[in-house]
Amino acid sequence: MARIYPQSPSSSSSSSSPPSSPSSYMTSKRETFTVWMKSLVYHGNGCTVFDSNGEIVYRIDNYNTKCSREVHLMDLHGRVLFSIRQKKLAVFGRWDGYRLGNTEVIDEEILCFRVKRSRNVFRGDSNHYCVNLACDQPEESCYKIIALPGKSTFKIVSRSRLVAEVKQKQATSGVAFGDDVLSLMVEPHVDHSLVMALVTVYGLINQKL
């Protein structure tokens with residue numbers, strides 16, 4: 001039976017204690033993850049993310065709810081990294097991502113990003129989504145999610161620079177796994193948890209979670 005997680009060694013691995021800051025989710029080399037669009041909770045909805053060593057690094061457990069308007073991206077230890085909420089607007093709506101703030105206020109949330117469909121539908125951007133980073137980031141750090149040909153295939157870019165790409169996962173023999181097993185590649189010096197939060201939003205938009 002083929003393993004669904006990447007085979008090649010990588011610098012990312014889970015540890016006995018959770019990372020202490022967003023910088024803990026970055027590495028200096030390209031990383032590959034396997035995204036299984038299933039929860040480890042029996043008969044539950046969500047997704048499970050493995051690193052290249054086959055260790056669980058992120059998870060979402062929606063239990064009996066699918067296409068929820070609020071989900072929580074957690075690490076292996078169950079610590080919430082992002083709370084993602086859908087906001088209903090007149091036309092397309094948007095998704096807001098929140099992180100817990102490093103303050104003395106218990107459970108204080110800080111808006112980290114907003115995702116909404118591109119307005120340039122007449123330029124062929126109907127499958128593009130704009131990501132506005134609400135944290136202290138320069139303008140060139142704002143991202144776009146761009147759908148690509150193929151099921152569940154898309155990329156995240158910062159202007160013309162590739163940030164991450166998602167494809168259907170293939171075994172080393174070249175045989176594709178099911179539609180619910182994806183390969184996520186993240187470029188160096190990019191926050192893996194933020195990328196996974198955006199992958200989560202895209203899954204929610206396409207009713208995969």
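The values are calculated or read from the model by the stated rules, or taken from the named source; none is laboratory data. Keep in mind the model is a prediction, meaning the values are calculated, not measured. Cβ: placed from backbone, ideal geometry, glycine included. Neighbour counts: every protein chain shown. All accessible areas refer to the heavy atoms of the entire protein, side chains included, with ligands and DNA or RNA removed. Shrake-Rupley method; radii C 1.70, N 1.55, O 1.52, S 1.80 Å.
Scanning the stretch 161-190 for residues that are within 19 Å of LYS29 (Cα to Cα), open to solvent by 10 Å² or more (accessible area, probe 1.4 Å) and outside any strand (DSSP E or B) yields a count of 3. I'd like to check something: does the stretch 133-146 contain any residue that is at pLDDT 60 or above and polar (S, T, N, Q)? No, that holds for no residue.
Candidates in the stretch 150-174 are the residues that are aliphatic (A, V, I, L, M) and in contact (Cβ under 8 Å) with a residue 24 or more places away in the chain; of these, the one that is nearest to LEU198 (Cα to Cα) is ILE156. Of all residues in the stretch 26-55, exactly one satisfies the criterion of being under 12 Å from ASP180 (Cα atoms) and among the basic types (Lys, Arg), namely LYS38.
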